[in-house]
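Input: a single structure, listed below in structure tokens.
Bear in mind these aren't lab numbers, they're just calculated from the coordinates by the rules spelled out. All figures in this text were calculated on a predicted structure; none of them were measured in a lab. Here Cβ is always computed from backbone atoms with ideal geometry, including for glycine, and neighbour counts include all displayed protein chains.
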Amino acid sequence: MLALRSRPCLSLRQPLRVPCVVRPARARVVLAPVRAAEKGAREPEESDNTTLQLVAGALGTPAALLVCYSAYLLATTGDGLPPGPGGAYGAAEGVSYLSVVGVVGWSAYTKAKTGSGLPAGPAGLLGAAEGLSYLALLGAIGAFGYTAATGTIPGPFGR
């Protein structure tokens, strides 16, 4: 039988006054913090977003690398990736730019909401995607700025 007491728990983890559960254990009383599961509430599991983190990290990392390569090509040659067979390279470049902006936006939202960035994720993929996405976005902004300053903007806006 569990009894609630409003006595402070003597624990390094919970130094404040919290409700405690008195549990009899071999003729002694053990004080432990009341868990949310014992109150009937569901504790959030760490594996709730594992699949999302794995997919975002596995797709966001190569996308950020592709954006870095595209920004390098833009700064050195004045053009991005060639269209490729059936426009596949150009489409991959466009989707990569969108995914980099998405990862940076997700990271900024999480930082504003929780005070820390995205978790590392499985095998550190999401953390790698986050860091590379910030780097790719910075490189793309720099490449676009350099291209605009030198007057070699590709497409309908220049040349």
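Return the Rg/Rh value of segment 47-147, two decimal places, where both radii are evaluated on C-alpha atoms and Rh is the Kirkwood radius. Can you show the working numbers first?
On the way: Rg = 14.3 Å, Rh = 13.9 Å.
Ratio of gyration radius to Kirkwood radius: 1.03.
What ranking do 100, 95 get, fewest neighbouring Cβ atoms within 10 angstrom at the top? All intermediate terms of the calculation are to be shown ahead of the outcome.
Values: 100 26, 95 13.
Fewest-to-most ranking of 100, 95: 95, 100.
With a 10 Å Cβ neighbour count serving as the proxy for reagent exposure, in which order, fewest first, do 138, 74, 126 appear?
On the way: 138 13, 74 22, 126 28.
Ordered by Cβ neighbours within 10 Å, fewest first: 138, 74, 126.
Within segment 76-109, what residues put their amide N at less than 11 Å from the label point 7 Å along the Cα-to-Cβ vector of residue 148?
Under 11 Å, as judged by backbone N against the label point of residue 148, lies no residue of segment 76-109.
Could you give the length gained by full extension between residue 51 and residue 138, i.e. 0.36 nm per residue of separation minus their alpha carbon distance, to one decimal place?
Details: separation 87, 0.36 × 87 = 31.32 nm, distance 2.78 nm.
In short, 28.5 nm is gained.
Rounded to whole Hz and in sequence order, give me ³J(HN,Hα) for segment 124-140 from the Karplus expression 6.51 cos²θ - 1.76 cosθ + 1.60, θ = phi - 60°, writing x for Gly and Pro.
Ordered by residue, 3J(HN,Hα) equals x, 5, 5, x, 5, 4, 5, x, 5, 5, 5, 5, 5, 5, 5, x, 5 Hz.
How far apart, in nm, are the 7 Å Cα→Cβ label points at residue 101 and residue 77?
Computed distance between label sites residue 101 and residue 77 equals 2.4 nm.
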